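Before any comments, here is the structure.
The values are calculated or read from the model by the stated rules, or taken from the named source; none is laboratory data. All values reported here derive from a predicted model rather than from experimental measurement. FYI the Cβ positions are ideal-geometry reconstructions off the backbone, even for glycines, and counts take in every protein chain you see. Ligands, DNA and RNA are stripped out before the accessible areas are found, and what is left, the full protein with its side chains, is counted by its heavy atoms. Shrake-Rupley method; radii C 1.70, N 1.55, O 1.52, S 1.80 Å.
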Amino acid sequence: MPATRKPMRYGHTEGHTDVCFDDSGSCIVTCGSDGDVRIWEDLDDDDPKSINVGEKAYSCALKSGKLVTAVSNNTIQVHTFPEGDPDGILTRFTTNANHVVFNSDGTKIAAGSGDFLVKVVDVMDCSQQKTFRGHEAPVLSLSFDPKDVFLASASCDGSVRVWQISDQTCAISWPLLQKSNDVINAKSICRLAWQPKSGKLLAVPVEKLVKLYRRETWGNQFDLSDNSISQTLNIVTWSPCGQYLAAGSIDGLIIVWNVETKDCMERVKHEKGYAICGLAWHPTCGRIAYTDAEGNLGLLENVCNPDGKTPSSKVSSRVEKDYNDLFDGDDTSNAVDLNDDPGEGPSFSRGIMNDDEDDDIMLASGRPRQRSHFLEDDENSVDLTMLKTGSSLLKEKEEDDQADSIYNLPLATSQRPSYDGPMPTPRQKPFQSGSTPLHLTHRFMVWNSIGIIRCYNDEQDNAIDVEFHDTSIYHATHLSNTLNYTIADLSHEAVLFACESTDELASKLHCLHFSSWDSSKEWVVDMPQNEDIEAICLGQGWAAAATSTLLLRLFSIGGVQKEIFSLPGPVVSMAGHGEQLFIVYHRGTGFDGDQCLGVYLLELGKKKKQILRGDPLPLTRKSYLVWVGFSAEGTPCFVDSEGIVRMLNRGLGNIWTPVCNTKEHCKGKSDHYWVVGIHENPQQLRCIPCKGSRFPPTLPRPAVAILSFKLPYCQIATEKGQMEEQFWRSVMFHNHLDYLAKNGYEYEESTKNQAMREQYELLLKMFALSCKLEREFRCVELADLMAQHVVNLAIKYATRSGKLMLAQRLSELAAEKAAELAATQEEEEEEEEDDFRQKLNAGYSKTPTEWSRSRLRNEVEEAAEDTGEVDDIEEPDDTEEKSEIPKQGQNPFSKSANSSDVPFVKPGAATSGSQGRVNPFKVSASSKEPAISVSSGRSANILDSMNKSYKKSPALNRATNNEKSPVIKPLVPKPKSKQASAASYFQKRTSEADKTEEVKEESPGNSLSETPATCPQNTENQRPKTGFQMWLEENRSSILSDNPDFSDEADIIKEGMLRFRVLSAEERKAWATKAKGGTASDGTEAKKRKHEDNENQETEHQEKKAKENLNLPKKQKPLDLSTNQKLSAFAFKQE
């Protein structure tokens, strides 16, 4: 397996960067174009010590506590290490120095500059200087001979020279490189290097290979190359033992060879392909630090054993062990065969062997021990090593006949076979959103929309500070951190901490419930043995902890243990908001730098449900997760390491949409934004700018910046693209309003109205733009996104623009939308009726009421229609009166009490028409069900009969009023006729479009009886009939006879308006007068009829009454509110 490449991190601002280790290898030292030298304890050190040495630092070298830098002020400076105190200037040039190196014992430095000179200076006495002249262009690089006899240099003049230090003469010069006029224009910086200790070989990177020259003879001993090298090599460096040589190319490839066998040991590609400009081998172990031309620092681990010793069978790293199954048995055995030579010992043992000490690999695990024993004799003698290894192989051949096929191969192979497929990505560790790394002495444990928790762990104090943003409600808290808490979360109710287990103590969950109303405001729970808490979060009334045993434990905010369940993989991070719990975990192994993450989204309210069930979390390629949380309005969001912010799009089936790229707001490539909060209204991304780092320092207190959101739509520079992005962003960022409404939360109605206005304005602007561009089909597509009233505005615009065909299309679209709206409203009202019916029945007896039987009636009525039992719908008013007779003991607070405004009659009275119709609702007297009209089957539910029931004559009102005087106001439900009363008279007569058509087909005259129902609260508020309405009622039959193809009420009204306008002014005025006077006359006649009805009700023969009432006229006025109240009071009294 190849070396382990750790993720790169920011080191310096973009530009040339150099790197080296200190003598012990405990620190990594880098310098860059920002003029800083940084001392890193490890690659994960987010608080490195920084020493400013100048405006720019081109090169650095470290030896014996002296740090030497080549700085842009044309000097070579010295600083003490690790203190970083200035210790003088060693030498100066007329231009800046490009490279500086120490000799093997640290007594001298060599520096080459852009003024073609090379200088060797004594570190202790800078007056002792030697100058080497001869290059004809700026010097690129230098390397000391380990024996301090020679000095090698490379220059932009294309030559590589070897100088005799003693007399400053040129021993040899090779024209190897391409010529250039300056370092920045050079194809390669040609960092050459002498072999350590013996200094036998000088390695020079030339084009795509490394040339090695023999000491003193200066002959080209051999070249090292590899098929994977596609670009020029930039730099070479030796392992401390001198056995391995590493090279870096300008396209980010790092190659490691075994110089003795000339075999390629490692091939590692830079994760972003930047040029490698710094390369340093750890002085004691197989680690290589490298830097690129963009200021980043990287580290390779487990490269090759620098001492030439092969470790024991326990050699494979954790990652290699996990992914050893990439190779099947046959491939593994072949790899063993092809690599069984002495030079391959270290790599062979790393890549092939597993930790398992099974019998089938004992042979393989035993051989490298013998080889390593022989390699220790003389690490620099190639021939002797080869001979000894060959003899050992022959010896093993006699002892073990199982490996006959192995020794038929040549002893040395040019290249070992390698796996070139996708490489697994190490899994990212669990983290808490809004926190900085654990190893920092001063760090943020969490920073969210509630407050900030800081942790201080230094020599003076180990404490935790809790600070709230809203200091008017909460006060800051200072806590001692004796248990070494590492994870924290903060909400409006509590603070939650967790610590890892130790040898003596278990992992603990500690909650400070500061919003508790009792005196005990904290609780602690110990985890079981060998179970560590890895992530925690708080919600409204609950806390959650994910552990190392793939368990998620839920607790109440007061400390009650609740549900517990298993996670499909190791947790990465969690977040909570209200009742929502957001969990991200490893759902598998990612490859080629990608993480493979899954997500759970749970709602932990009274009705627990799972929204996202382990769906993949979409990250940017080669990125990892850095922040998980919710917007202030409760929408899940996350941020990856590439700065892409994604939000859950609830309006599109709970999928993730990118809403912002923070990298677009960064000035430098190494700058980042650290997200602390997201708001949807107003649209704000709250984050902290971090210059040259991924995390902010705790001191001074970082300032929060606000970024705007932008969806990554195409052609965003055009007017069309901008409006499209604004529209869909508005739609997406107001999806949370629908979610809040659906789940019963309160929200500002004005906010939704404002958002709808914005969206409709954008749609109209895009509509106008498409009209100008003659994109009429696109106009219709845009209109399809509009509401009905906005489509009407679009129709006006299209008409004024002279686009009549477009206007016609839009008119058809508007009609479709109106029908859809009516159907939707009816469905909603049916749902409201069901809910209201359930609430009414909840507190009363189980006796069926008229409400509870409405659905059954509809079904029976529909069946009756299908079988032809209902054959006459011209007489609805007569049967409606019967349907409105309330039963004795009926609940006065049900909606039927308000809609059945007629006196009580004996139960069990059934209607039977003289035409031979059968009443499907005839029941026995014991059921206490009133007689119901068959014709009410036309209604979808009881509310439809309510609309018609108000069309009774005033005579019946008075008769009822005289009979019942006490008034008790009932609960007034929202009637179905609310929309009808607000609508124009010239709309369809019923809520269902097809209902009107059915009625017209069977009896055109019936339409007069189905005038729109007005609001039942007060008859005074009803709209009086106009002259045109009176005229239309009388002339409807003639219009239909002249136009038999008219099926829509709107067509009849349009034709009627055309004919009415043709009439003279006198005729129209006469109709208007008739409409006003007709109301009074109708009332007088109705009084007589109602008086008649009242007498009929007092008789005992219900059948005779039913027959007489069949002849009642169709036009009747609704009841007023006072009658409703008195009738409901009457029903109440009867109970």
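Restricting the range 16-51 to residues that are among the hydroxyl-bearing types (Ser, Thr, Tyr) and within 20 Å of Val236 (Cβ to Cβ), which is surrounded by the most Cβ atoms within 10 Å (Cβ to Cβ)?
Within the range 16-51, the first condition is being among the hydroxyl-bearing types (Ser, Thr, Tyr), and the residues that meet it are 17, 24, 26, 30, 33, 50.
Those still in the list that are within 20 Å of Val236 (Cβ to Cβ) too: 17, 30.
Values: Thr17: 28, Thr30: 25.
In this case the residue turns out to be Thr17.
Taking Ser730, is it under 29 Å from Ile678 (Cα atoms), small (Gly, Ala, Ser) and touching a residue at least 24 places away in the same chain (Cβ under 8 Å)? Taking the combined requirement at face value, the residue satisfies it.
Taking the conditions exactly as written (open to solvent by 30 Å² or more (accessible area, probe 1.4 Å), at pLDDT 95 or above and not aliphatic (A, V, I, L, M)), does Pro636 satisfy them or not? Give the steps one after another, and end with the answer.
Working: open to solvent by 30 Å² or more (accessible area, probe 1.4 Å): no; at pLDDT 95 or above: yes; not aliphatic (A, V, I, L, M): yes.
Taking the combined requirement at face value, the residue does not satisfy it.
Residues that are within 22 Å of Gly295 (Cα to Cα), in a strand (DSSP E or B) and of a type in the set (D, E, K, R): does the range 665-679 have at least one? For the range 665-679, residues within 22 Å of Gly295 (Cα to Cα), in a strand (DSSP E or B) and of a type in the set (D, E, K, R): absent. Filtered by the rule that a residue be surrounded by fewer than 23 Cβ atoms within 10 Å (Cβ to Cβ), farther than 17 Å from Arg133 by Cα, among the aliphatic types (A, V, I, L, M) and touching a residue at least 12 places away in the same chain (Cβ under 8 Å), the range 156-185 gives Leu176, Val183.
Among the residues that make up the range 465-475, is at least one of them more than 18 Å from Ser515 (Cβ to Cβ) and over 25 Å from the mean Cα position of the chain (by Cα)? There is at least one residue in the range 465-475 that is more than 18 Å from Ser515 (Cβ to Cβ) and over 25 Å from the mean Cα position of the chain (by Cα).
Select from the range 429-444 the residues that are surrounded by fewer than 20 Cβ atoms within 10 Å (Cβ to Cβ) and either part of a loop (DSSP other than H, G, I, E, B) or without any contact (Cβ under 8 Å) to a residue 24 or more places away in the chain (or both) and list them in ascending order. Correct list: Lys429, Pro437, Leu438, His439, Leu440, Thr441. Within the range 605-616, the residues that satisfy the criterion of being open to solvent by 10 Å² or more (accessible area, probe 1.4 Å) and touching a Leu at 6+ places or on another chain (Cβ under 6 Å) are Gln610, Ile611. Taking the listed residues Lys147, Lys187, the one that is out of contact with any strand residue (DSSP E or B) (no Cβ under 7 Å at 6 or more places or on another chain) and under 22 Å from Cys20 (Cα atoms) is Lys147, with no other qualifying. Each residue in the range 141-158 was checked for being outside any strand (DSSP E or B) and closer than 16 Å to Ser113 by Cβ, and 2 of them qualify.
From the list Gln231, Gln221, which residue is modelled with pLDDT under 90, open to solvent by 10 Å² or more (accessible area, probe 1.4 Å) and among the polar types (S, T, N, Q)? Give the derivation first.
Numbers: Gln231 fails: modelled with pLDDT under 90.
It is Gln221.
May I ask you to verify whether Lys6 is open to solvent by 30 Å² or more (accessible area, probe 1.4 Å), out of contact with any Pro (no Cβ under 7 Å at 6 or more places or on another chain), at pLDDT below 90 and not polar (S, T, N, Q)? Here the answer is yes, as Lys6 does meet what is asked. If we scan the range 573-584, do we find a residue that is in a strand (DSSP E or B), touching a Cys at 6+ places or on another chain (Cβ under 8 Å), buried (at least 23 other Cβ atoms within 10 Å of the Cβ) and touching a residue at least 60 places away in the same chain (Cβ under 8 Å)? Among the residues of the range 573-584, at least one is in a strand (DSSP E or B), touching a Cys at 6+ places or on another chain (Cβ under 8 Å), buried (at least 23 other Cβ atoms within 10 Å of the Cβ) and touching a residue at least 60 places away in the same chain (Cβ under 8 Å), which makes the answer yes.
Put simply, of Gln684, Gln715 the only residue that is out of contact with any Ser or Thr (no Cβ under 7 Å at 6 or more places or on another chain), open to solvent by 40 Å² or more (accessible area, probe 1.4 Å) and at positive phi is Gln715. For the range 549-572, the set of residues classified as closer than 16 Å to Arg427 by Cβ and open to solvent by 50 Å² or more (accessible area, probe 1.4 Å) consists of Leu550, Pro568, listed by residue number.
Scan Asp36, Asp18 and give me the residue that is over 26 Å from Thr441 (Cβ atoms) and either among the aliphatic types (A, V, I, L, M) or modelled with pLDDT of 90 or more (or both).
That would be Asp18, the only listed residue that is over 26 Å from Thr441 (Cβ atoms) and either among the aliphatic types (A, V, I, L, M) or modelled with pLDDT of 90 or more (or both).
May I ask you to say which residue of Ser770, Ser730 is polar (S, T, N, Q), touching a Cys at 6+ places or on another chain (Cβ under 7 Å) and either open to solvent by less than 80 Å² (accessible area, probe 1.4 Å) or at pLDDT 95 or above (or both)?
Working: Ser730 fails: touching a Cys at 6+ places or on another chain (Cβ under 7 Å).
One residue alone meets the criteria, Ser770.
Within the range 181-198, the residues that satisfy the criterion of being farther than 21 Å from Ile229 by Cα and at pLDDT 90 or above are Trp194, Gln195, Pro196. For Lys130, the conditions (1) open to solvent by 50 Å² or more (accessible area, probe 1.4 Å); (2) within 54 Å of the chain's Cα centre (by Cα); (3) of a type outside the set (Ser, Thr, Tyr); (4) at pLDDT 90 or above are fulfilled apart from (2).
In the range 53-74, the residues that are open to solvent by less than 50 Å² (accessible area, probe 1.4 Å) reach residues that are basic (Lys, Arg) and part of a loop (DSSP other than H, G, I, E, B) with C-beta atoms within less than 8 angstrom, at least six apart or across chains, in these pairs: Val71/Lys56; Ser72/Lys56. The residues of the range 445-477 that are in contact with a Leu (Cβ under 7 Å, 6 or more places away or on another chain) and surrounded by fewer than 19 Cβ atoms within 10 Å (Cβ to Cβ) amount to a single one, Ala463.
Checking the condition over 22 Å from Val236 (Cβ atoms) and in contact with a Gly (Cβ under 6 Å, 6 or more places away or on another chain), which residue from Thr95, Thr131, Thr107 passes?
Values: Thr131 fails: in contact with a Gly (Cβ under 6 Å, 6 or more places away or on another chain); Thr107 fails: in contact with a Gly (Cβ under 6 Å, 6 or more places away or on another chain).
Only one candidate passes the filter, namely Thr95.
Does the range 522-547 hold any residues that are of a type outside the set (A, V, I, L, M, F, W, C), surrounded by 16 or more Cβ atoms within 10 Å (Cβ to Cβ) and within 25 Å of the chain's Cα centre (by Cα), and which are they? Once the filter is applied, which keeps residues that are of a type outside the set (A, V, I, L, M, F, W, C), surrounded by 16 or more Cβ atoms within 10 Å (Cβ to Cβ) and within 25 Å of the chain's Cα centre (by Cα), the range 522-547 yields Glu534, Gly539, Thr547. Close contacts from the range 761-773, counting a first residue that is farther than 12 Å from Ala783 by Cβ and a second that is open to solvent by 20 Å² or more (accessible area, probe 1.4 Å) and of a type in the set (Lys, Arg), with Cβ to Cβ under 7 Å and a gap of 6+ residues or different chains, come to Leu769/Lys720.
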